[in-house]
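The values are calculated or read from the model by the stated rules, or taken from the named source; none is laboratory data. These numbers come from a predicted model, not from an experiment. Cβ placement follows ideal geometry from the backbone for every residue including glycine, while neighbour counts extend to all protein chains displayed.
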Amino acid sequence: MQEHAISIWFFIGALFVIYGALVLGAGIYGLFVPAMNIAMPGLHISVWWGCGMMALGLLFAVRFRPGRSE
Amino acid sequence: MIATWFFQAASGRLSLGPVDLIIILLYFALVLGLGLYLKKFTKTSEDFFMAGREMTAWIAGLSFISANLGSLEMMGYAAATYQYGILVAHAYWIAAIPAILFLALVMLPFYYICKTHSVPGYLKLRFGEGARSLSAISFAVMTILMSGINMYSMAVIMKVILGWDIHFSIWVSSLTVAIYVMAGGLLSAIFNEVLQFFLIWVGCLVIPVVGLYETGGWAGMVHRIQTNFPGQDFIHMWSTTGSFTANPMGVHWTGIVFGWGLAISFGYWTTDFLVVQRVMAAKDLRSAQLGTIIGAFFKMMVPLIVILPGLLALAVLPFHLVPESQGNLPGAHTYNEALPLMLARYCGPGLLGLGVTALVAGFMSGMAGNVTAFTTVWTYDIYKPLLRKDAPDSHYVSMGRWCSLIGVFISIGTAYLVMNFSSIIVYAQVIFVFFIVPMFGTVILGMLWKRTTPAAGFWGLLAGILTSFALWLWVKLDPSALRHVAFSEHAKDMAENIYRAMWSLIANVVVTVAVSLVTRPKPDSELTNLVYGLTELAPGEQFSFFRRPITWAVAVAIGFVILNIWFW
């Protein structure tokens, strides 16, 4: 079963890259138009979190990409 | 239409922006796509019900812990932490880690080597049809009931927090789970649970990270809690349990150790098929054991995203949360809103969508766990032995697929029943203690003592269930009986459950031993691969030191001891 299947880790990596990009995009937008009613706005956590998710996602997506031999 | 519905969400406590909605919709698209993609890999009953028994240790372990990490549990324990403080972390440490390690090292070899499909299936092999039918039917009823209760409770929370329509929440999330489980069976459920595990962590971890930054670390948080709630101890796990009245839960350390840490914990983690099924799907015994230990490690870490947010809420929220009964007061926020309020406090657009996705993912992983466990127990332990014994394999796969859908519809029906009779929720944990706790006594005696007889297996199980029910009824009819059942008139609901579980286990063990001594045991030849001493367990010596399950189990156990001492 596993032989021809795309690895679950690849799915997770791909989703993290997309989610990371969305969160990072929202974070960069927030640098210019700060969100209301958020504690610690100066921390710009969305930017850091988005970058971290993209990095983790890329790691998984590349490491477990379809067709890569184990 | 869906977009219109989503944008109406602004009427809740939190309001979502377009980025948040894209994140949530993308999540639903991915889980459905994953389920449909995996359908082609589930052709036989072994594929559908046991995921082909091909899971690696990491996948089995993360799925094992994800099936347990429901969003209701996350929000419920964050709420309980706001009420009782770090005492609630016992649910993740003493009430989980010893039992999970025991499952990995002692019980899994028997489950795995006898090649059973379910825990009731083991009881059939060990004790016969009577014990299997009693446990299978009670488990199936309990699972569907719990699934419906969770579904309704989740929908109510989504309505309060996000303004989502209750019916929409119930139907959309349930049908999504039904489609992906129907398509790919346990394989699909497990893969989605792994995905959900990562989403839960990445969505919720932002709270402790930013929260501790805001409070200036652990010491700053403790200082703020002491300032906000002078004279109350929220940060010690054991030092306040020397008497029933010294802690807000009204529990003594004996109850925590023997009731919570032994009866409830071992009952749930070692015999509740919802979680055990995940590791039984591992590709070999060593992977099953390592997967369980990986699960134990992450279970030990869960307080980071559940307990710590509850403590941070005590430290940083500018108002005090109130019990559910006072939730209707103007401007009041209830205990159950602790986690969502913390999400709203720290998460801007994008991160908020991620946090809400984490809650939805938690709900769906819990529900998929219930549905797949119900489907397997129904097909293998009720339908096959009692209704249709000799059908072709494809018939049981088909039954499994339809049963997934039917299980979801029954859960939805239960959710609507709960909507009209909300007191059922109060009894959910009680029902859980009725059925699951005695099963542990029966299974463990069956595994470790070959003298345990088939009659004892059945009567011990029944005695445990009836004892639990009788004690509950006694306190219900005469509340002063609490001082006998829970040793204290001050015991709260959670403490009463803990002590009732302890009595139920004692009754189960006493009756099982007594009946065993006066009835005829099975011959040794019928107990091969089922009982300690008659089962050839895989020797760990064939693996190097770092590849042995025992090595990592000891490492987790050391971490468990250190954490308990640290937060004493």
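Please state which one of B:GLU526, B:GLU489 is closer than 30 Å to B:TYR112 by Cα and among the charged types (D, E, K, R).
B:GLU526
If I filter segment B:67-82 for residues that are within 18 Å of B:GLY35 (Cβ to Cβ), modelled with pLDDT under 80 and assigned to a helix (DSSP H, G or I), do I get at least one hit?
There is no residue in segment B:67-82 that is within 18 Å of B:GLY35 (Cβ to Cβ), modelled with pLDDT under 80 and assigned to a helix (DSSP H, G or I).
Within segment B:196-209, is even one residue within 14 Å of chain A (Cβ to nearest Cβ), within 30 Å of A:VAL17 (Cα to Cα) and more than 25 Å from the chain's Cα centre (by Cα)?
Yes - at least one qualifying residue is present in segment B:196-209.
Can you give me the number of residues within segment B:346-392 that are over 23 Å from the mean Cα position of the chain (by Cα), in contact (Cβ under 8 Å) with a residue 40 or more places away in the chain and within 27 Å of B:PRO18 (Cβ to Cβ)?
Of the residues in that region, 7 qualify.
Of all residues being at the interface with chain B (Cβ under 7 Å from one of its Cβ atoms) and of a type in the set (Val, Ile, Thr) in segment A:19-50, which is farthest from the chain's Cα centre (by Cα)? Just the residue, please.
Ranking the candidates gives A:ILE38 first.
Kindly provide the set of residues from segment A:1-13 that are at the interface with another protein chain (Cβ under 7 Å from one of its Cβ atoms) and not in a helix (DSSP H, G or I), ordered by number.
Answer for segment A:1-13, where residues must be at the interface with another protein chain (Cβ under 7 Å from one of its Cβ atoms) and not in a helix (DSSP H, G or I): A:MET1, A:ALA5.
Give B:THR452, B:THR379, B:THR375 a once-over and let me know the one that is touching a helix residue (DSSP H, G or I) at 6+ places or on another chain (Cβ under 8 Å), more than 14 Å from chain A (Cβ to nearest Cβ), at pLDDT 85 or above and not in a helix (DSSP H, G or I).
B:THR452
Give me the residue from segment B:327-345 that is part of a loop (DSSP other than H, G, I, E, B) and touching a Leu at 6+ places or on another chain (Cβ under 9 Å) and, out of that set, farthest from B:TYR27 (Cα to Cα).
B:ALA332
Go through the residues of segment B:346-362 one by one and say whether even a single one is part of a helix (DSSP H, G or I), within 30 Å of B:ILE137 (Cβ to Cβ) and modelled with pLDDT under 85.
yes
Listed here are the residues, each with its yes/no results for (1) free of Cβ contacts under 8 Å to residues at least 60 places away in the same chain; (2) among the hydrophobic types (A, V, I, L, M, F, W, C); (3) assigned to a helix (DSSP H, G or I).
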residue	(1), (2), (3)
B:THR240	no, no, no
B:PHE244	no, yes, no
B:ILE256	no, yes, yes
B:GLY267	no, no, yes
B:THR292	no, no, yes
B:GLY295	no, no, yes
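Could you say whether any residue in segment B:223-231 is within 14 Å of chain A (Cβ to nearest Cβ) and part of a helix (DSSP H, G or I)?
Checking segment B:223-231: at least one residue is within 14 Å of chain A (Cβ to nearest Cβ) and part of a helix (DSSP H, G or I).
If B:GLU526 meets every condition in (1) over 21 Å from B:LEU103 (Cα atoms); (2) modelled with pLDDT of 90 or more apart from one, which number is that one?
(2)
Criterion first (closer than 30 Å to B:MET55 by Cβ and in a helix (DSSP H, G or I)) does B:GLY261 satisfy it?
Taking the combined requirement at face value, the residue satisfies it.
Answer with yes or no whether A:PHE16 is assigned to a helix (DSSP H, G or I), buried (at least 16 other Cβ atoms within 10 Å of the Cβ) and facing chain B (nearest Cβ under 10 Å).
Criteria met by A:PHE16.
Evaluate segment A:51-67: report whether one residue or more is under 17 Å from the mean Cα position of the chain (by Cα), facing chain B (nearest Cβ under 8 Å) and either surrounded by fewer than 17 Cβ atoms within 10 Å (Cβ to Cβ) or over 27 Å from B:PHE191 (Cα atoms) (or both).
No, there is no match, as no residue in segment A:51-67 is under 17 Å from the mean Cα position of the chain (by Cα), facing chain B (nearest Cβ under 8 Å) and either surrounded by fewer than 17 Cβ atoms within 10 Å (Cβ to Cβ) or over 27 Å from B:PHE191 (Cα atoms) (or both).
Among the residues that make up segment B:88-99, is at least one of them buried (at least 23 other Cβ atoms within 10 Å of the Cβ), more than 28 Å from B:GLU536 (Cβ to Cβ) and at pLDDT below 85?
Among the residues of segment B:88-99, not one is buried (at least 23 other Cβ atoms within 10 Å of the Cβ), more than 28 Å from B:GLU536 (Cβ to Cβ) and at pLDDT below 85, which makes the answer no.
Taking into account only those residues within segment B:95-126 that are assigned to a helix (DSSP H, G or I) and among the β-branched types (Val, Ile, Thr), which is nearest to B:ASP524 (Cα to Cα)?
B:ILE113
Has segment B:162-173 got at least one residue that is over 21 Å from B:LEU354 (Cβ atoms), out of contact with any Lys or Arg (no Cβ under 7 Å at 6 or more places or on another chain) and crowded, with 24+ Cβ neighbours inside 10 Å?
No.
Please find, within segment B:331-365, the residue that is farthest from the other protein chains (Cβ to nearest Cβ) out of those that are within 28 Å of B:LEU175 (Cα to Cα) and hydroxyl-bearing (Ser, Thr, Tyr).
Filtering segment B:331-365 for residues that are within 28 Å of B:LEU175 (Cα to Cα) and hydroxyl-bearing (Ser, Thr, Tyr), the one farthest from the other protein chains (Cβ to nearest Cβ) comes out as B:SER365.
What number of residues within segment B:159-216 are out of contact with any helix residue (DSSP H, G or I) (no Cβ under 7 Å at 6 or more places or on another chain), at pLDDT 90 or above and among the β-branched types (Val, Ile, Thr)?
Qualifying residue count for the region: 1.
Let me confirm something: among B:VAL209, B:VAL202, which residue is assigned to a helix (DSSP H, G or I) and without any contact (Cβ under 8 Å) to a residue 12 or more places away in the chain?
B:VAL209
I'd like to check something: does segment B:380-394 contain any residue that is among the hydroxyl-bearing types (Ser, Thr, Tyr), over 28 Å from B:ILE207 (Cα atoms) and surrounded by fewer than 22 Cβ atoms within 10 Å (Cβ to Cβ)?
yes
Tell me yes or no: at least one residue of segment B:539-556 is under 28 Å from B:PRO120 (Cβ atoms) and touching a residue at least 24 places away in the same chain (Cβ under 8 Å).
Within segment B:539-556, one or more residues are under 28 Å from B:PRO120 (Cβ atoms) and touching a residue at least 24 places away in the same chain (Cβ under 8 Å).
Please verify whether B:VAL106 is modelled with pLDDT under 90, touching a Ser or Thr at 6+ places or on another chain (Cβ under 6 Å) and not basic (Lys, Arg), treating the condition exactly as stated.
No.
I'd like to check something: does segment B:45-62 contain any residue that is within 12 Å of chain A (Cβ to nearest Cβ), on the phi > 0 side of the Ramachandran plot and either in contact with a strand residue (DSSP E or B) (Cβ under 8 Å, 6 or more places away or on another chain) or among the polar types (S, T, N, Q) (or both)?
yes
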